[in-house]
Every structure is written in C-alpha cells, then in structure tokens.
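Here is the structure we will look at, set down as structure tokens.
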Amino acid sequence: MLKTFSLTDIGRKRSMNQDFVFSSENPVGNLPNLFIVADGMGGHNGGGFASSYAVDIIKQSIESSEAKDPEELFKSAIRAANLAVRTKASENSELIGMGTTAVLACVEGDTLHVCNVGDSRLYVANKDSIRQITVDHSYVEEMIKVGQLDRESARTHEHKNIITRAVGAEDTIESDYFKVKLKDGDIILMCSDGLSNMLADDELLVILKGGRDTVSRAEDLVKAANEAGGKDNIAVVVIEVLND
Ligand code: CA
C-alpha cells in the first residue's frame, strides 16, 4: 500500500511558480500508479508552461500506450514530451528556449521504477539513511565525475543551476532509468532543486524521520527550505511504502 502527499510552493524569492507535480496512487494506463516532478525553465511564461505541458504529454503518452514495461513507457513518454515542448516553442516566440526537468516514478509491488532528465531528484530513505537514486544531469555533477569538485561544495556552487539535459532542450533526448528494490517502511522523496539546494541530504533525512505522516513530512520539508532562504520554487512528493 502507498501513502502519498505532494505539494509545490513558490518559495520566498521568485514571482512565479514554474514547478509542477503530478501524483496518482491509481493506475495510469498500464502503470499501477504514477508520480512526476517537473521544474520548468525559460523566460516569460515559458518555464511554467513547459513543466505543466510536459507532464500532460507524459500522462497522455502513458495512457495511450500498449507497452507494459515501465522503462519503455517512461522513456517513450519523455521523448513525446520533448517533441511536444519543442513544437510548441517553435510556434510561439514567447516560448522559445523553454524546457523542463522531469523525474518519473512508479511503484510496482516492492519494485520502484524511476526515470529522470535534468536535476530534479528521487531519494529513498529509511530510518538510518537516505540515498539519492537519480544522478543529476548538471554541470556540477559532471565536475564531480571528473574529480574537479566535491559533493558538498557542489550544492552551493555558482553554476549549480546549469543543467546538461532537459525536456525541450534538443531534438533528441536521453533519459536515465533506475530500478530499486523497496523495503517495508521505505520513504520515497521526489523533489526539485528548490528543495535539494536549500537542504543537505542529512537534513532531508532528519525531517523525513521527524514527520508524523506523509502530509507533515512534505509540509515540513517545504517549510525548512523556505526557512533556509527559499531561493527557488519548491516541489515535493513523499511516498510511503507499507507492505500489508
Ligand atoms: Ca528550480
């Protein structure tokens, strides 16, 4: 059984909220459930449009597909969203250059399927530890890979917002897929960088462990990100996995 709660918050510095979340504990097409976080970018209304539109296209693609494999469903949905966002941008000069991150997840029994593009993240936490499952497609992550930057400095690096892949950025898109075995009591956290740039992983764990339920966990995360400065929009999805 899943218990879930999701929310977005504008934060304390931005005038628009360009983050978008989708959460369904019920089947979407051939998937038993579906969770998405998208963090849009682009001037005017581009970013906010890109994130909500990409999520719509991803949902439609999964609903209309006969495929059963989550990896295949996720990857083709992200390709469909990429094409749709690029087409819209080419039709409207105010939307040129818009794009969005996307992290998609679905829980099938004790297996978690995840797909991502950009720097929105998925973590799995239990009472002892938290681990980031997705790997950011970002400039700082590339620097870490080649040993030019350590993880702690990356969080506050001046170029931490530069992402190397996004839905809508190029004609072709490659997303990464991860499969995770879940244990009873695991908590899944999906978020935009407005949360992960404000709070370190160990701070995320403390808040997740301290909450009474999914609602208080999600609300406490947003509150802590705002108290730490709230420099960006914040999107959070919390999923608790209870084996019954
Ligand atoms: Ca952001």
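At 1.4 Å probe size, with the rest of the protein present, what percent of the exposed accessible area of the range 178-228 is carbon and sulfur atoms? On the range 178-228, the fraction of accessible area on carbon and sulfur atoms equals 48 percent. As a fraction of the 1.4 Å probe accessible area of the range 1-135, surface on carbon and sulfur atoms comes out at 46 percent.
Here, P(r) means the percent of Cα pairs in each 10 Å bin from 0 to the largest distance; for the chain it is 8, 34, 38, 18, 2, 0. Dividing the mean sequence gap of close Cα pairs (under 8 Å, 6+ apart) by how many residues the chain holds gives a relative contact order of 27 percent. Remark: the Cα gyration tensor places the range 65-159 in the oblate category, a/c being 1.5 or greater and a/b not exceeding b/c. Per-residue SASA remark: F178, around 50 Å² accessible (1.4 Å probe; ligands, DNA and RNA not included). Annotated for the range 89-244: lysine pairs at least 8 residues apart or interchain, Cα distance under 25 Å, count 15. Taking S24, S93, S61 as the candidate residues, the one with maximal mean-square fluctuation in a Gaussian network model of the chain, Cα springs under 10 Å, is S93.
What is the mean projected area of the alpha carbon convex hull for the range 1-106, to one decimal in square nanometres? Across all orientations, the range 1-106 yields a mean hull projection of 6.9 nm².
Taking trypsin sites (Lys or Arg not before Pro) as exposed when their DSSP state is a loop state and no more than 12 other Cβ atoms lie within 10 Å, the longest site-free interval of the chain runs over 69-126.
Estimated from helices alone, the mean residue ellipticity of the chain at 222 nm is -10000 deg cm²/dmol (sum of -39500 (n - 2.57) over DSSP H runs with n ≥ 4, per residue). Accessible surface ranking for M198, M16, 1.4 angstrom probe, highest first: M16, M198. Straight-line cross-link reach from K75 at under 13 Å between alpha-carbon atoms covers these aspartates and glutamates, not counting any fewer than eight positions away in the same chain: E174, D176. Taken along the Cα-to-beta-carbon direction at a fixed 7 Å, the label points for E72 and M16 span 3.8 nm.
Spin-label model, Y177/N26: points 7 Å from Cα along the beta carbon direction are separated by 2.7 nm.
Taking a point 7 Å out from the Cα of D184 in the direction of its Cβ, the residues of the range 122-146 whose backbone N falls within less than 19 Å of it are 125-129. Solvent-accessible area of L73, all protein chains in place: 0 Å² (probe radius 1.4 Å, heavy atoms, ligands and nucleic acids excluded). What is the sum of charges around A225, taking Lys and Arg as +1, Asp and Glu as -1, for the other residues whose C-beta is under 14 Å from the C-beta of A225? Surrounding charge for A225 is -2. Taking A224, A77, A105 in turn, the Gaussian network model of the chain (Cα-Cα springs below 10 Å) assigns the largest fluctuation to A224.
Loop only by DSSP, 13 or fewer other Cβ within 10 Å of the Cβ. Give me the GluC sites (Glu not before Pro) in the range 166-226 that pass, ordered by residue number. It would help to have the intermediate numbers written out before the result.
Working: sites: E170, E174, E203, E219; in loops: E170, E174.
Answer by residue number: E170, E174.
Its convex hull of Cα atoms gives the range 118-244 a direction-averaged projected area, equal to a quarter of the hull surface, of 8.8 nm². Taken per residue, the accessible surface of the chain reaches 46 Å², heavy atoms only and a 1.4 Å probe.
The values are calculated or read from the model by the stated rules, or taken from the named source; none is laboratory data. Computed from a prediction, not measured in an experiment: that's the story for all the values here. Don't worry about glycine lacking a Cβ; one is built from the backbone with ideal geometry, like all the others, and counts go over all protein chains shown. Heads up: the accessible areas ignore ligands, DNA and RNA and are worked out on the full protein's heavy atoms, side chains in. Shrake-Rupley method; radii C 1.70, N 1.55, O 1.52, S 1.80 Å.
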